[in-house]
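Undergrad: Take a look at the following structure, please.
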Protein chains: 2
Amino acid sequence: MDTLDGLKTVVAVVETNSFTAASDRLGISKALVSKYVGEVENQLGIRLFNRTTRQLALTDSGRRYYEEAIILLEQFSAMVDNVTGEQTAPRGLLRISAPVTFGEMRLAPLLPKFIALYPDLTIELVLTNGAIDMLEEGIDVRLRIGGVDDSNMIARHLTNFPLVLSASPNYAKQHGLPTTPEQLGEHHCIIDSNFRIGKQWPFISPKGRAETINVQSGLAVNSPQAAREVAIADGGIAMTPNFIVADALADGRLLRVVPEYTTLEFGLFAIYPHRKYVAKKVRCFIDFVLDQFSK
Amino acid sequence: MDTLDGLKTVVAVVETNSFTAASDRLGISKALVSKYVGEVENQLGIRLFNRTTRQLALTDSGRRYYEEAIILLEQFSAMVDNVTGEQTAPRGLLRISAPVTFGEMRLAPLLPKFIALYPDLTIELVLTNGAIDMLEEGIDVRLRIGGVDDSNMIARHLTNFPLVLSASPNYAKQHGLPTTPEQLGEHHCIIDSNFRIGKQWPFISPKGRAETINVQSGLAVNSPQAAREVAIADGGIAMTPNFIVADALADGRLLRVVPEYTTLEFGLFAIYPHRKYVAKKVRCFIDFVLDQFSK
DNA sequence: ATTATTGTCAATGTAGTGTTGACAATGAGA
DNA sequence: TCTCATTGTCAACACTACATTGACAATAAT
């Protein structure tokens, strides 16, 4: 066993609270995780975990070991980065998390470019709209709508995405289209339940006056992609991020609704751990998405 | 190759400026030293050393690597010590340096007791009266007469050794013995060239008056042990540390000369690197010799 | 009560290990 | 200038360790 592999294995078990999950994270068999943890314990002459077949508890020594191990591993990575400087490209596995639709439509298409820039990196893209425990899942950097209120994390603002309203031409023919947000009350509206606004849709008039409209909705879905498909299928007026419907607006499958009014803008943030040393691979990725999204 | 073994190997090569000396220090073949250094360089993608068959030069990257590697290795050791706490005894190799005679007569006899206290330690005792480069020779702690004026080192005072004058009964019968230091000028004196005083022997009278006597000498030797043997063999009056001749004084082979007068006292110091973290094995040894020499 | 899952263990085919001896290159000494 | 000794590197090799796989006892979930 490599000494640092032993450290990493213990760290993974602590953070995932599971030998099995640790083996998944590390890409080794769970038998090897078990073996490595045992070897570290033997070398130190102490128990790091108390465990039965289905329970795992960290000992005090294990807690101390973990706290110092993560510092050591970080410093080892920092040393390698400092020593190699600009001479070498970032390498290893970079685990990125992003919201599903954004990841599919905006981030995934960019990744070949990123990989071309850094061929020694391996990317693992984890798309989810649910909550994420970055530590437990070993996520290096997470793109998300909105920042986080966590002092252990840095929230780096990348860009803003405006929300827009749209409906199909056929819906327009059948129901007409509202000329002011107030008229939305008489229309079928499609709710994206990922957003907290629900049925209270906020607007700013061309004159700058803010107002909130209660809309009717027979459909709520936690996927902007699905919301767009419903709108295209004459299902009503959808409020989605601009980029979701950009192509459908361009080719006429959807029409803008009350385009002179603006509604919300959501900020896109990169979230990563607040540490003295930020791994080169993380820094390179953040620089890349900053560059890509600032165009 | 274990990652930390790679670090240690590079550190040993830097500190000894030699693959061969590094292999001696580490107890592995020089081929393996060469292989490990090569593996570290491959993993980093940089050169640490520029080398021909007979020349070795550290690159800038190598210098940075070395500086960070020693910190990492120290912190790893500190982590192990901190995590295991008092649960485990110190282990590994402890390299101690001491002056030859002192080492033979006073330190070596104590080491079985130390080893009995800490059976997981391996001791390497390096006896020399010459200058020592602790870094190059990988010495953990050095006992020496007198401190050092080096801000990178700690000089921990252990005890004082007084110098005493002695001669054999047969010499006394043949030449008489001086009753004051002034009379030493008429006697054969044996010079220990380890001391800087040479032929200018300093004394303090019973009344506290300091004086320096020019003595005659037909013999100088850089071994207090040899000086004592010459004195026992009727060769003259020797000035040696008390402990050198304690047994011969006790059993009558040597007689004290001008015992009412005092001369120099030399301080015995433990010298070890000034670091935030002092290895447990070094701390245990220093505590041990403090305890042994304060009796 | 049954099923699924966890962490551990031993068997196993496979890969890597570290030493040895040889070598080219170079510095020291005569 | 020639010879010898030493250094760092390389490849061969017998040996050892490796990490996975499958099985298992124990336990939680259904």
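The values are calculated or read from the model by the stated rules, or taken from the named source; none is laboratory data. Here the structure is a predicted model, which means the values were calculated and not measured. In this analysis, Cβ positions are derived from the backbone assuming ideal geometry, glycine residues included, and neighbour counts consider all displayed protein chains. Accessible surface areas use protein heavy atoms only, side chains included; no ligands, DNA or RNA. Shrake-Rupley method; radii C 1.70, N 1.55, O 1.52, S 1.80 Å.
Undergrad: Give me, ordered by chain and number, the residues 5 or more places off A:Thr122 or on other chains with an amide H under 5 Å from its own placed amide H.
TA: A:Gly92, A:Leu93, A:Leu94
Undergrad: Tell me the per residue accessible area of chain A using a 1.4 Å probe; a whole number in Å² is fine. Kindly include the intermediate steps, with their values, before the conclusion.
TA: Numbers: 14440 Å² over 295 residues.
Per-residue value: 49 Å².
Undergrad: With all protein chains present, how much of the accessible area of segment A:130-263 (probe radius 1.4 Å) comes from carbon and sulfur, to the nearest whole percent? All intermediate terms of the calculation are to be shown ahead of the outcome.
TA: On the way: 3180 of 6610 Å².
Answer for segment A:130-263 is 48 percent, counting heavy atoms of protein chains only.
Undergrad: By how many degrees, between 0 and 90 and to the nearest 10, does the Cα long axis of helix B:30-44 differ from the longest principal axis of chain B?
TA: The angle comes out at about 50 degrees.
Undergrad: Now a separate question. I'd like the accessible area for A:Phe243: 1.4 Å probe, protein heavy atoms, all chains in place, Å² to the nearest 10.
TA: Approximately 30 Å² of A:Phe243 is accessible to the 1.4 Å probe.
Undergrad: Got the B:Leu56 label distances to the other copies yet, label 7 Å along Cα→Cβ, in nm, shortest first?
TA: 4.3
Undergrad: How far is B:Glu211 from the same spot in each other copy, in nm, shortest first, if each label point sits 7 Å from Cα toward Cβ?
TA: Its label point is 11.7 nm from the equivalent points in the other copies.
Undergrad: Show which lysines lie in cross-link reach of B:Lys199 when reach means a straight Cα distance below 25 angstrom and same-chain residues fewer than eight apart are skipped.
TA: Correct list for B:Lys199: B:Lys173, B:Lys207.
Undergrad: Roughly to the nearest percent, how much of the accessible area of segment A:3-85 is carbon and sulfur, given a 1.4 Å probe? Before the final figure, lay out each step's value.
TA: Working: 1850 of 3930 Å².
The value for segment A:3-85 is 47 percent carbon and sulfur by accessible area.
Undergrad: Straight-line reach from A:Lys113: which lysines have Cα under 16 Å away, leaving out those fewer than 8 places along the same chain?
TA: A:Lys281, A:Lys295
Undergrad: Rank these residues by their accessible area, most exposed first, probe 1.4 Å: B:Thr9, A:Thr59, A:Thr52. Please report the intermediate quantities before stating the final value.
TA: On the way: B:Thr9 5, A:Thr59 25, A:Thr52 90 Å².
Reading off the accessible areas and sorting them downward yields A:Thr52, A:Thr59, B:Thr9.
Undergrad: Also, I was wondering about something else. What is the Cα convex hull volume of chain B when expressed per residue in Å³?
TA: Details: hull volume 49.7 nm³, N = 295.
With only Cα atoms used, chain B gives 168 Å³ per residue.
Undergrad: Compute the long axis of helix B:60-84 from its Cα atoms, compare it with the longest principal axis of the Cα atoms of chain B, and write down the angle in degrees, 0 to 90, nearest 10.
TA: 80 degrees
Undergrad: So how much accessible surface do A and B hide from each other in total, probe 1.4 Å, in square angstrom to the nearest 100? Write down the numbers at each step before the final one.
TA: Values: alone 15540 and 15570 Å², together 28900 Å².
Adding both sides of the contact gives about 2200 Å².
Undergrad: Mind listing P(r) for segment A:3-85? All alpha-carbon pairs, 5 Å bins, whole percents.
TA: Calculated over all Cα pairs of segment A:3-85, the distribution is 3, 15, 26, 25, 17, 8, 5, 2, 1, 0 percent.
Undergrad: Here is a further query. For segment A:127-144, take each phi angle, set θ = phi - 60°, evaluate the Karplus expression 6.51 cos²θ - 1.76 cosθ + 1.60, and give the result in whole Hz per residue in order, putting x for glycine and proline.
TA: Per-residue couplings from phi come out as 9, 7, 9, x, 5, 10, 9, 4, 5, 5, 9, x, 7, 7, 8, 10, 9, 8 Hz.
Undergrad: Return the long-range amide H neighbours of B:Val257 (sequence gap of 5 or more, or a different chain), with a cut-off of under 5 Å between placed amide H atoms.
TA: Answer set, sorted by chain and number: B:Leu165, B:Ser166, B:Ala167.
Undergrad: Now a separate question. Any chance you could look up the accessible area of A:Lys30 with a 1.4 Å probe, heavy atoms only, rounded to 10 Å²?
TA: 130 Å²
Undergrad: Starting from the Cα of A:Lys30, draw a straight line to each of the aspartates and glutamates and keep only those under 18 Å, dropping any in the same chain fewer than 8 residues away.
TA: A:Asp2, A:Asp5, A:Glu15, A:Glu39, A:Glu41, A:Glu136, A:Glu137
Undergrad: Under the convention of a label 7 Å out along Cα→Cβ, give the distances in nm from A:Ala250 to the same position in every other copy, shortest first.
TA: Here A:Ala250 shows inter-copy label distances of 9.9 nm.
Undergrad: Rounded to whole Å and sorted largest first, list the principal axis extents of the Cα atoms in segment B:161-266.
TA: 32, 28, 26
Undergrad: Taking N as the number of residues in segment A:97-191, what value does Rg over Cα atoms divided by 2.2 N^0.38 Å take?
TA: Values: Rg = 19.1 Å, N = 95, 2.2 N^0.38 = 12.4 Å.
Segment A:97-191 yields a ratio of 1.54.
Undergrad: Can you give me the relative contact order of chain B as a percent, contacts being Cα pairs under 8 Å and 6 or more apart?
TA: Values: 458 pairs, mean separation 60.8, N = 295.
Once normalised by length, the contact order is 21 percent.
Undergrad: Continuing with the same structure: Run a plain Debye calculation on the protein assembly as shown (Cα atoms as equal point scatterers, no solvent) and give log10 I(q)/I(0) at q = 0.11 Å⁻¹, rounded to two decimals, same order as the q list.
TA: Results for the protein assembly as shown at q = 0.11 Å⁻¹ read -1.08.
Undergrad: Angle, helix A:280-293 long axis vs. longest principal axis of chain A, Cα atoms, 0 to 90°, nearest 10?
TA: 10 degrees
Undergrad: Pop out the ³J(HN,Hα) list for segment B:189-205 in order, Karplus 6.51 cos²θ - 1.76 cosθ + 1.60 with θ = phi - 60°, rounded to Hz; leave Gly and Pro as x.
TA: Rounded to whole hertz, the list is 10, 9, 8, 8, 6, 5, 8, 7, 6, x, 9, 9, 8, x, 9, 10, 6.
Undergrad: Ordering A:Asp192, B:Asp287, A:Asp247 by how much accessible area each has at a 1.4 Å probe, largest first, what is the list? All intermediate terms of the calculation are to be shown ahead of the outcome.
TA: Details: A:Asp192 10, B:Asp287 95, A:Asp247 70 Å².
Largest accessible area first, the list is B:Asp287, A:Asp247, A:Asp192.
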